[in-house]
Amino acid sequence: MKNIVSKKTLINFIALLSLSCMTAMTAMAGTTPDRASAFQLDPDERNYVMDTFTIGDQSMEVLVTKVASGPYLAFKEYWRTNQGMLGAISVATSGTQMTLSGVSHLGAAPSGFASAMRMQATVTWGTSSAPSGQTWVYNDPATNKYICIKFNLSGTPGDYTVSSITWYLAAATAPRAGTYVFHDGTKYPLTYANAPDLPTGFSWYAVTVNPGT
């Protein structure tokens, strides 16, 4: 009888422990951002990534955070824009080249981005027609990657601001929320051009992100 009671007690204890673990995991899932539902620029597995957009001798940097650090929130994009780069974007003509590259880092994020334009985190891709007019196109048929970026600017020369950024991604199936389109460690060439033709079975999806959230 003692052995039977002992076994029942043990079984009940294991069941209770499992339930407690499941409850804790559920609570954590509700408060910890999902790395796969953040933004278009990949924060990697380290503390942050520094992305650089370049046109000729003009450039701007984007700090992509994975962990909170100083004034920075976790899982955010901090866009440090400047009039030189925004001006280069505004006057781009067909065939203008842009590069995007990102490097991941450990340690505390650098200062200087606290007042930068902050982009919202969680986004959901929706079905879309092909981008109208010319956008910044990354086209790699060998890997079936078709990406377009449209910077929506407002203001006048010398006083431009980014109203929003629209990201376009072509895929055979709808991308899950927050699918990354550019990963760190690779230098991506983009061309100001019309949207590429897509292979059979592919469709366009898009999301527009706004600053200040």
Quick one: would you say I89 is among the β-branched types (V, I, T), closer than 27 Å to P199 by Cα and not in a loop (DSSP other than H, G, I, E, B)?
no
Looking at (1) loosely packed, with under 13 Cβ neighbours inside 10 Å; (2) within 24 Å of M50 (Cβ to Cβ); (3) not acidic (D, E), which is the one condition that is false for P157?
(2)
Qualifying position, being more than 16 Å from the chain's Cα centre (by Cα) and at pLDDT 95 or above, among A193, A174
A193
Please name all residue pairs, on different chains or six or more residues apart, with Cβ atoms under 8 Å, provided the first residue is in region 60-71 and is more than 15 Å from H183 (Cα to Cα) and the second residue is of a type in the set (G, A, S) and surrounded by fewer than 14 Cβ atoms within 10 Å (Cβ to Cβ).
S69/A108; G70/A108; G70/S111; G70/A114; P71/A114
Could you list, in sequence order, all residues of region 81-106 that are without any contact (Cβ under 8 Å) to a residue 40 or more places away in the chain, within 20 Å of M119 (Cα to Cα) and exposed (fewer than 15 other Cβ atoms within 10 Å of the Cβ)?
N82
Got a number for residues in region 188-213 being assigned to a strand (DSSP E or B), out of contact with any Gly (no Cβ under 8 Å at 6 or more places or on another chain) and closer than 18 Å to C148 by Cβ?
7
Consider A24 against the criteria (1) outside any loop (DSSP other than H, G, I, E, B); (2) under 25 Å from the mean Cα position of the chain (by Cα); (3) at pLDDT below 95: it satisfies all of them except one. Which criterion is unmet?
(2)
Please go through region 61-71 and give me each residue that is surrounded by 16 or more Cβ atoms within 10 Å (Cβ to Cβ) and over 16 Å from the mean Cα position of the chain (by Cα), ordered by number.
S69
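The values are calculated or read from the model by the stated rules, or taken from the named source; none is laboratory data. These figures come from a predicted structure and were not determined experimentally. Here the Cβ is made from the backbone with ideal geometry for all residues, glycine too, and neighbour counts use every protein chain on show.
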